[in-house]
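Notes follow the structure.
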Amino acid sequence: MLDTRIWRVARYQFEEQARQRSFLVLLFSLPLFLMMILGMDILFKHLQQSHTTLGYVDAAGLLADTSLTTVGDEVQLVPFATPGEARAALEAGQIDAYYVLPAGYRDSRRAELVYLEPPPSLVWWHFANIVRLNLMAGQPGMVVDRILGGTAVTVRAAGRDLPAGGPSAGQAVPLLAAGIFAFLVLTTSSYMMEVVVEDKENRTIEVIISSIHAGQMMVGKIAGAIGIALLQLAVWVAFLVGAAWLGANVLDVGWLQNVDVNWRDTGLIVAVALPTFVCIAALMTAVGASLAETQDVQQIGPFVFMALLLPLYLFVALAGNPNGPLAIGLSLFPVTSVMTLALRSLFSEVPAWQFWLSAAISFVCAAGAVWLAGAALRAGMLSYGKRLNWRDLLGRRGARSVSA
Amino acid sequence: MSDGHENCVEVVHVAKRFGETQAVADVSFAVAPGEIFGLLGPNGAGKTTTIRMILDIFKPDSGSVSILGGPMAETKKDRIGYMPEERGLYQETSLERCLIYLGTLKNLSPAEARRRLAPLLDRFDLAAHKGKKVKELSKGMQQKAQIISTILHRPELIIVDEPFAGLDPVNTQLVIELLRELCRQGATVLMSTHQMHQVEALCDRIVLINEGHNVLYGRLDEIRRRYAGDALLVQVRDGGALPPLVGVDQVVPHNGAFKLTLARSATSEHILEQLVAAHASVFKFEVAMPTLDEIFIRSVSAGQAAEEADYA
């Protein structure tokens with residue numbers, strides 16, 4: 001019977017939030033964002049694939065070699081003897097633009113690009129590399145390749161290699177999981193605080209408590225919030241997987257192909273994230289029970305956000321010493337644990353026991369937070385228009401247990 | 001305090017303090033099964049705190065509360081219907097959904113709650129509004145919805161705090177009839193209200209508390225007799241004038257009759273003898289019972305005067 005009521009509270013809480021327009025916007029904002037990213041990628045590729053015919057007038061006599069093939073045949077070069085011929089071809093629509101390398105180019109390093117409509121930036125980049133190639137004529141091939149390749153920094157970290165250009169998509173999955181966790185915690189926590197404060201404001205809390213136990217109410221509300229978070233998670237993961245598949249197989253996005261997911265760390269981070277989510281949601285519910293008005297919730301929200309993202313602010317310190325005392329300490333503290341472990345997993349092989357210890361600490365804290373939420377609700381629910389004094393709460397409970 | 005039957009509610013010398021404020025100092029009363037009991041008192045008297053102690057929302061600092069035969073327990077909550085003063089409904093939810101949800105928390109299945117709700121919505125003229133959000137309803141409609149929420153699960157004990165607030169006379173009468181009907185069906189009602197004429201119309205017994213203490217407690221008719229004092233209501237046929245009467249300090253017209261304030265030495269028998277001797281055509285002759293409003297004001301004022309005297 002008791003479980004039925006918790007279920008009813010949870011279901012009501014779930015349905016109430018799921019019906020809200022703001023929730024639906026939030027639910028589909030990430031997929032829409034992904035679709036936008038994919039759309040931009042498609043557009044970029046389309047622009048890249050458009051063929052440009054580029055004329056050039058080499059008065060400097062520099063361009064002996066125009067065989068640069070880095071962009072395939074997307075830019076076709078057409079030589080002209082004089083600027084007049086090139087101009088006529090441009091106006092006739094035979095070319096999209098033309099460069100003029102004046103006779104004194106080697107000294108001035110200034111060229112002129114003429115067009116009727118601006119050509120894609122790829123054109124400029126391609127022609128500049130052809131000029132570089134010819135300026136480096138006579139240099140060893142390795143030097144030429146290195147210079148044309150541009151800057152490339154490779155980070156080598158203890159215990160884990162990071163490829164040049166940052167972590168691979170597979171390595172970033174634990175961090176992505178932590179990011180989703182932070183987002184879910186943030187939205188759910190604010191919602192939980194609002195729900196409890198609203199219950200106090202409109203006095204429904206008094207009616208509910210005269211029907212079920214305060215603890216049942218809190219467990220039901222938290223369970224409803226978990227349900228909402230799982231719904232968000234399911235929708236987002238489905239879209240992420242779909243987008244990754246589309247990117248890899250349809251759009252040929254290189255970094256999405258052959259993704260080697262770090263399943264070990266991802267699984268362990270999820271194991272830590274679940275009790276941590278319950279812990280923070282319950283704590284926020286307790287805070288909500290202690291607040292007087294819904295506008296107070298807006299003042300608390302940023303602090304939660306800052307605490308969750310604290311590991312990101314300490315990124316340099318964590319990357320510099322991913323197994324140091326600060327890193328381990330933040331990994332075991334419930335609010336910062338998930339993000340810290342995800343960041344550390346980029347740079348080092350975090351021992352499994354640290355994940356499990358962190359999960360255990362979060363689990364114990366979650367149980368305590370649920371109890372605290374029930375107690376705060378009971379003590380704070382009737383202090384309409386007043387904030388709960390936590391000292392009073394603990395003192396009152398003590399007095400009660402003595403009198404009982 | 002008990003009359004042999006097990007009382008539905010027994011409050012024995014309860015006290016409750018919040019910080020420096022003594023919300024309830026010493027309140028005692030019992031509510032018998034099947035009666036409509038009035039819990040009265042001015043603002044801040046401690047009525048709501050007392051109700052919350054009865055419902056175990058607050059623990060009393062001292063004294064004891066028994067409800068439905070013993071201490072409050074989770075299993076008893078289904079047998080109790082509670083309507084707090086003001087609001088108590090989810091404002092953003094549709095009326096029907098809100099009431100069904102609250103009903104299911106009282107252990108009704110959603111289907112049963114829906115089945116019971118339909119005739120009540122009809123009775124309270126709310127059926128056409130069941131799809132509206134609660135916040136879109138008028139104050140009176142919300143009050144009626146709250147009453148429905150209180151009785152939907154057919155509780156044995158109904159505790160209502162200001163049930164007539166915001167109701168027009170028609171709906172007030174509707175609620176009065178409903179409470180009487182529930183009592184006839186065996187329910188017990190504990191009602192806290194400021195509306196004394198409703199208490200007079202409904203309640204068998206009352207307790208009046210002021211500043212956390214019992215001031216009056218007992219059967220309503222006995223209390224009124226106790227406060228009747230030395231006044232008579234006399235009406236003569238055809239609206240005629242009264243003959244000269246000895247032993248009357250004051251005569252004032254009162255609803256077509258005369259209200260006579262007797263001198264200390266006079267009695268009602270003495271006045272009646274004079275009327276008969278004067279061959280007055282007496283149509284009505286009765287002891288003038290004070291209204292509950294008057295008793296309330298006199299009791300509370302007397303308490304305040306005593307307190308001021310103590311203070312001086």
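The values are calculated or read from the model by the stated rules, or taken from the named source; none is laboratory data. Computed from a predicted structure; not experimentally measured. Note that each Cβ is placed from the backbone with ideal geometry, even for glycine, and that neighbours are counted across all protein chains shown. The accessibility values were calculated without ligands, DNA or RNA, using every heavy atom of the protein model including side chains. Shrake-Rupley method; radii C 1.70, N 1.55, O 1.52, S 1.80 Å.
Run lengths n ≥ 4 of DSSP H only: what is the helix-derived mean residue ellipticity at 222 nm for the protein assembly as shown, with -39500 (n - 2.57) per run over all residues, to the nearest 500?
Calculated from helices alone, the mean residue ellipticity at 222 nm is -17500 deg cm²/dmol.
Provide the packing ranking of B:273-284, A:339-350, i.e. peptides ordered by the mean count of other C-beta atoms within 10 Å per residue, highest first.
The most tightly packed comes first, giving A:339-350, B:273-284.
Report A:Ile6's accessible area, 1.4 Å probe, all protein chains in place, as a number in Å² to the nearest 10.
40
Ignore the peptide's own chain and count Cβ atoms of other chains within 10 Å of each Cβ in A:198-204; give me the average, rounded. Don't skip to the end; give the middle numbers.
Numbers: counts 3, 1, 0, 2, 9, 7, 12.
Mean shielding count: 5.
From other protein chains only, count the Cβ atoms within 10 Å of every residue's Cβ in B:97-107, then give the mean.
5
Excluding ligands and nucleic acids, what accessible area in Å² is computed for B:Met53 using a 1.4 Å probe, to the nearest 10?
10
Could you tell me what fraction of 2.2 N^0.38 Å the Cα radius of gyration of the protein assembly as shown comes to, as a two-decimal ratio? It would help to have the intermediate numbers written out before the result.
Working: Rg = 40.8 Å, N = 716, 2.2 N^0.38 = 26.7 Å.
Here the Cα radius of gyration is 1.53 times the empirical estimate.
In angstroms, what radius of gyration and Dmax does segment A:336-375 have, counting Cα atoms only?
Using the Cα atoms of segment A:336-375, the pair Rg, Dmax is 12.9, 42 Å.
So how much accessible surface do B and A hide from each other in total, probe 1.4 Å, in square angstrom to the nearest 100?
2800
Collect residues whose amide H, placed 1.01 Å from N in the peptide plane, falls under 5 Å from the amide H of B:Ser62; neighbours closer than 5 in sequence don't count.
B:Ala15
Select from B:Phe285, B:Val251, A:Gly61 the residue farthest towards the positive end of the dipole of the protein assembly as shown; place +1 on Cβ of Lys and Arg, -1 on Cβ of Asp and Glu, and compute about the Cα centre.
With unit charges placed on the Cβ atoms, the residue in question is B:Phe285.
Could you state the angle between the C-alpha long axis of helix B:292-311 and the longest principal axis of the C-alpha atoms of chain B, as a value from 0 to 90 degrees rounded to the nearest 10?
The angle comes out at about 90 degrees.
Under unit Cβ charges (Lys, Arg +1; Asp, Glu -1), what dipole magnitude, rounded to 20 debye, does the protein assembly as shown have relative to its Cα centre?
Values: 60 positive and 68 negative charges, 198 e Å.
Using Cβ point charges on Lys, Arg, Asp and Glu, the protein assembly as shown gives about 960 debye.
I need the phi-derived Karplus couplings for segment B:221-236: 6.51 cos²θ - 1.76 cosθ + 1.60, θ = phi - 60°, integer Hz, Gly and Pro marked x.
For segment B:221-236, the Karplus curve yields 5, 5, 4, 5, 5, 4, 9, 4, x, 10, 10, 10, 10, 10, 10, 9 Hz.
If you line up the long axis of helix B:110-123 against the longest principal axis of chain B, both from Cα atoms, how many degrees apart are they, to the nearest 10?
Relative to chain B, helix B:110-123 is tipped by roughly 30 degrees.
Per residue of B:142-151, how many C-beta atoms from partner chains lie within 10 Å of its own C-beta, taken as a mean?
1
Rounded to the nearest 0.05, what FRET efficiency do A:Asn321 and A:Asp260 have when you use their Cβ-Cβ distance and R0 = 22 Å?
0.25
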